[in-house]
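Undergrad: Below you will find the structure I want to go over with you.
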Amino acid sequence: MSLIRLLPPTVANQIAAGEVVERPAAVVKELLENSLDAGATRVVIDFSRGGKAVIIIEDNGQGMTPEDAAMSLQRHATSKIRLASDLDRIATFGFRGEALPSIASVARFTLQTRPSSATSGWEIAVNAGRILHQREQGMAPGTRIEVANLFHPVPARLKFLKSDETEAAHIIRLVRLYAVSHPEVGFLLREEGREIFRSPGQVPLLERVRAIWGQQVAEEVTLMPLFESSGMRLSGLLGKPGVSRGTRQDLVTVVNGRPVDSRTMAFALTESYHTLIPKGRYPLAFAFLEIDPAWVDVNVHPAKREVRFRDESRVRGFIIESVLSVLRSKGGDGLPQSTVLSVPSIEIPVAPSMAASVPPVSPSPIVSPPTSPISPSSSTSPSAVRLGWKFLHRLRGDKALFETPTGLAILNISFAHQRVLYERILQQFSENKAASQPLLVSIHLELDPLPASVLKEKMEFLTMAGFSFEEYGRNFWRVVALPHWLKPEEALSFIRDLLGEMARREGDFGRPTLAHDALAKMAVQRAYRKGDSMSEVELLALVQALFRTTQPGTDPKGRRTYLEWTDADLDRRFG
Ligand code: ADP
Ligand code: MG
């Protein structure tokens with residue numbers, strides 16, 4: 001007796017759905033690709049509650065006859081391939097014929113469709129994979145699909161969804177990518193009936209990006225002319241020298257009209273900017289590559305679209321060469337490093353108000369803490385004398401040589417500075433009174449949906465950290481106050497980075513102590529400054545402050561803040 005049975009189709013579809021549609025944005029992706037495959041020149045996408053309540057996609061594509069409509073809900077029904085060998089030259093997005101039946105098995109699903117040759121349309125309504133009704137339906141040519149109560153038949157899946165705002169952010173990012181990749185198609189995206197963006201078909205790329213990403217992003221990019229070389233063409237928009245991001249979010253890569261993930265392209269773009277943006281950061285780019293499809297491998301995992309090139313190094317070389325020639329022509333070569341790098345932030349010695357508000361943390365055993373705020377008037381200020389370090393000489397590379405009561409020490413100025421600042425910021429957190437400074441002129445902040453959702457979710461934390469925001473429209477904010485340690489001119493890029501980090505390290509930022517630690521670490525990196533301009537007095541004040549921290553010996557990343565040689569060490573070496 002055999003125990004092997006065929007799964008009922010509904011169950012098989014629900015299992016397939018687990019692969020094809022793991023979240024609302026994946027449903028939008030499948031439906032959007034079908035509309036584009038159907039030759040639509042206009043697509044309207046509506047959703048609410050992050051796509052959990054409803055997703056509606058309406059197109060003016062070729063539509064389906066009632067027979068085809070019924071077929072489209074059968075597993076492995078596709079109009080796009082006939083033979084397995086067709087898989088090698090897929091020109092369309094979908095090809096598995098799994099999306100519609102999968103989605104219909106995990107939602108309340110209504111398909112309305114009409115080919116232009118027919119006089120009326122056809123509607124099929126399905127609930128959790130079971131057909132409710134089929135009937136004639138008056139409509140314009142094209143297709144309209146409504147997906148309501150996504151995943152309600154599979155509650156276990158519902159649990160894995162993130163907040164409405166996060167899911168909405170994923171949908172918006174996805175539709176943006178498709179909209180920017182399809183200049184011939186007009187897109188309209190709405191959430192709860194409110195327009196998020198509308199991109200008219202047939203407008204220049206920069207206008208398109210302005211419509212889709214907003215004014216701020218449009219101002220940060222510059223046009224890249226068309227480059228051509230041995231069968232490859234590259235065009236698009238490039239971030240202006242100095243503009244950078246903490247994540248790859250705004251590194252948009254399109255291959256042969258498809259938004260894709262391409263390590264090679266992302267790497268080549270980042271590489272091209274390496275002297276123009278700080279290490280570890282990413283440029284902003286909309287890069288459109290056209291290349292013989294035979295040179296591209298598409299990983300057809302349903303959830304993502306990652307491409308590899310047969311000759312990675314050729315593609316990489318072509319991109320770097322093209323991008324560099326644009327950047328050079330923009331005067332990017334001799335440019336000083338970006339604004340992010342030139343960020344003198346905190347002054348040492350500290351402002352009296354701040355020193356007063358932050359009592360010294362547990363004193364290091366070597367020195368007794370000073371009893372008054374630091375106000376050195378000469379290199380032999382009382383506190384420096386008590387510590388016993390005497391300034392001898394400024395060394396190259398941001399270091400300074402001191403004579404200590406027991407020998408010699410070399411101080412790494414920026415690492416020491418980072419340790420001091422880090423503890424000062426943490427101290428403020430632990431006392432729940434991060435010093436906040438109101439801004440005379442508020443700063444305009446326009447955010448992508450994902451960072452905007454993080455901002456909303458973490459508002460309490462950010463307020464506690466000394467930030468103050470006012471929302472004045474979807475994804476538009478006014479920054480009205482900043483933590484004491486953040487300079488207004490650095491606020492925009494810092495906030496963007498912080499939100500990016502928070503999105504990337506969701507778990508960490510969910511726990512207060514880790515969140516504080518992460519924020520303080522980011523803050524001190526910002527504050528890193530070359531000690532070139534520091535006077536002897538300031539250097540002594542820095543040493544003083546360093547030895548009041550809990551771990552004077554290392555910076556927040558664990559790097560040594562100073563190296564010390566005792567007289568005995570030195571004698572031994574001469575010995
Ligand atoms: P695939 O896209 O892999 O073929 P789908 O399940 O996504 O599989 O779609 C099944 C079929 O339904 C498609 O091959 C296509 O013929 C038809 N179809 C789906 N969406 C549309 C649409 N918006 N307009 C016209 N035909 C569509
Ligand atoms: Mg499809």
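Undergrad: Hey, could you check the stretch 1-23 for residues that are within 16 Å of ligand 2 (Cβ to nearest atom) and surrounded by 17 or more Cβ atoms within 10 Å (Cβ to Cβ) and say which is modelled with the highest pLDDT?
TA: Out of the qualifying residues, it is VAL21.
Undergrad: Would you pick out the residues in the stretch 140-177 that are open to solvent by less than 10 Å² (accessible area, probe 1.4 Å) and either within 13 Å of SER35 (Cβ to Cβ) or assigned to a helix (DSSP H, G or I) (or both)? Reasoning before the result, please.
TA: Residues of the stretch 140-177 open to solvent by less than 10 Å² (accessible area, probe 1.4 Å): 142, 147, 150-151, 167-169, 171-172, 175.
Answer for the stretch 140-177, where residues must be open to solvent by less than 10 Å² (accessible area, probe 1.4 Å) and either within 13 Å of SER35 (Cβ to Cβ) or assigned to a helix (DSSP H, G or I) (or both): GLY142, GLU167, ALA168, ALA169, ILE171, ILE172, VAL175.
Undergrad: Taking the stretch 482-524, which residues are within 30 Å of ARG194 (Cα to Cα) and surrounded by 17 or more Cβ atoms within 10 Å (Cβ to Cβ)?
TA: Across the stretch 482-524, the qualifying residues are ALA491, SER493, PHE494, ILE495, ARG496, ASP497, LEU498, LEU499, GLY500, GLU501, MET502, ALA503.
Undergrad: Now for a different question. Against the definition (open to solvent by less than 30 Å² (accessible area, probe 1.4 Å), in the same structural domain as GLY51 (by TED's automatic domain parsing), more than 16 Å from ligand 1 (Cβ to nearest atom) and not in a loop (DSSP other than H, G, I, E, B)), how does GLU123 come out, yes or no?
TA: Numbers: open to solvent by less than 30 Å² (accessible area, probe 1.4 Å): yes; in the same structural domain as GLY51 (by TED's automatic domain parsing): yes; more than 16 Å from ligand 1 (Cβ to nearest atom): no; not in a loop (DSSP other than H, G, I, E, B): yes.
Here the answer is no, as GLU123 does not meet what is asked.
Undergrad: Still on this structure, I have one more. May I ask you to list pairs of residues, at least six apart or on different chains, whose Cβ atoms are under 8 Å apart, with the first in the stretch 492-507 being outside the structural domain of VAL243 (by TED's automatic domain parsing) and at pLDDT 85 or above and the second being part of a helix (DSSP H, G or I) and not hydrophobic (A, V, I, L, M, F, W, C)?
TA: Pairs that qualify, where the first residue is outside the structural domain of VAL243 (by TED's automatic domain parsing) and at pLDDT 85 or above and the partner is part of a helix (DSSP H, G or I) and not hydrophobic (A, V, I, L, M, F, W, C), are PHE494/ARG526; ARG496/PRO451; LEU499/PRO451; GLY500/GLN249; GLY500/PRO451.
Undergrad: Next up: Go through the stretch 145-161 and give me each residue that's away from ligand 2 (no atom under 16 Å from the Cβ) and either in contact with a helix residue (DSSP H, G or I) (Cβ under 8 Å, 6 or more places away or on another chain) or modelled with pLDDT of 95 or more (or both). Full working, then the answer.
TA: Filtering the stretch 145-161 down to residues away from ligand 2 (no atom under 16 Å from the Cβ) leaves 146, 148-161.
GLU146, ALA148, ASN149, LEU150, PHE151, HIS152, PRO153, VAL154, ARG157, LEU161, listed by residue number.
Undergrad: Here is a follow-up. So, in the stretch 178-201, how many residues would count as being surrounded by fewer than 16 Cβ atoms within 10 Å (Cβ to Cβ) and part of a strand (DSSP E or B)?
TA: Our first condition is that a residue be surrounded by fewer than 16 Cβ atoms within 10 Å (Cβ to Cβ); within the stretch 178-201, this holds for 184, 192-195, 198, 200-201.
Right, trim to part of a strand (DSSP E or B) and you get 194-195, 198.
Residues flagged as surrounded by fewer than 16 Cβ atoms within 10 Å (Cβ to Cβ) and part of a strand (DSSP E or B) within the stretch 178-201 amount to 3.
Undergrad: Let me ask something additional. When residues of the stretch 166-211 are filtered for being acidic (Asp, Glu), touching a Leu at 6+ places or on another chain (Cβ under 8 Å) and within 16 Å of GLU58 (Cβ to Cβ), how many remain? So that I can check it myself, show each step before the final result.
TA: Here is the first cut: in the stretch 166-211, the ones acidic (Asp, Glu) are 167, 184, 191-192, 195, 207.
Right, trim to touching a Leu at 6+ places or on another chain (Cβ under 8 Å) and you get 167, 195.
If we keep only those that are within 16 Å of GLU58 (Cβ to Cβ) too, we end up with 195.
Of the residues in the stretch 166-211, 1 are acidic (Asp, Glu), touching a Leu at 6+ places or on another chain (Cβ under 8 Å) and within 16 Å of GLU58 (Cβ to Cβ).
Undergrad: Moving to a separate point now. Just to check your reading of the model, which residue among ARG548, ARG559 is open to solvent by 40 Å² or more (accessible area, probe 1.4 Å) and either within 30 Å of MET459 (Cα to Cα) or not small (Gly, Ala, Ser) (or both)? I'd like the intermediate steps shown before the answer.
TA: Working: ARG548 fails: open to solvent by 40 Å² or more (accessible area, probe 1.4 Å).
From the options ARG548, ARG559, the qualifying one is ARG559.
Undergrad: All but one of (1) modelled with pLDDT under 90; (2) over 29 Å from ARG23 (Cβ atoms); (3) open to solvent by 10 Å² or more (accessible area, probe 1.4 Å) hold for THR247, so report the exception by its number.
TA: (2)
Undergrad: Among PRO241, PRO283, which is more than 17 Å from ARG173 (Cα to Cα) and modelled with pLDDT under 85?
TA: Working: PRO283 fails: modelled with pLDDT under 85.
Step by step, each of PRO241, PRO283 is checked, and only PRO241 is more than 17 Å from ARG173 (Cα to Cα) and modelled with pLDDT under 85.
Undergrad: Okay, next question. For the stretch 26-64, name all the residues that are of a type in the set (Ser, Thr, Tyr) and near ligand 1 (Cβ under 10 Å from one of its atoms). Spell out the reasoning first.
TA: So in the stretch 26-64, the residues of a type in the set (Ser, Thr, Tyr) come out as 35, 41, 48.
Hit for the stretch 26-64 is SER35, nothing else.
Undergrad: Right, something else. Only one of (1) open to solvent by 10 Å² or more (accessible area, probe 1.4 Å); (2) part of a helix (DSSP H, G or I); (3) closer than 23 Å to ARG394 by Cβ is not met by ALA541, so which one is it?
TA: Failing condition for ALA541: (1).
Undergrad: Small (Gly, Ala, Ser), within 19 Å of PRO9 (Cβ to Cβ), more than 16 Å from ligand 2 (Cβ to nearest atom) and more than 30 Å from the chain's Cα centre (by Cα): does that describe ALA128? Before you say what the answer is, go through the steps one by one.
TA: Working: small (Gly, Ala, Ser): yes; within 19 Å of PRO9 (Cβ to Cβ): yes; more than 16 Å from ligand 2 (Cβ to nearest atom): yes; more than 30 Å from the chain's Cα centre (by Cα): yes.
It is true that ALA128 is small (Gly, Ala, Ser), within 19 Å of PRO9 (Cβ to Cβ), more than 16 Å from ligand 2 (Cβ to nearest atom) and more than 30 Å from the chain's Cα centre (by Cα).
Undergrad: Report, by residue number, each residue of the stretch 74-104 that is open to solvent by 30 Å² or more (accessible area, probe 1.4 Å) and either at positive phi or at pLDDT 90 or above (or both).
TA: HIS76
Undergrad: Further question: Just the residues that are at pLDDT below 90 and either part of a loop (DSSP other than H, G, I, E, B) or touching an Asp or Glu at 6+ places or on another chain (Cβ under 6 Å) (or both), please, taken from the stretch 554-575.
TA: Across the stretch 554-575, the qualifying residues are ASP555, PRO556, LYS557, GLY558, ARG559, GLY575.
The values are calculated or read from the model by the stated rules, or taken from the named source; none is laboratory data. Source: prediction; values computed, not measured. Cβ sites come from the backbone with ideal geometry, for glycine too, and all protein chains shown count toward neighbours. Heads up: the accessible areas ignore ligands, DNA and RNA and are worked out on the full protein's heavy atoms, side chains in. Shrake-Rupley method; radii C 1.70, N 1.55, O 1.52, S 1.80 Å.
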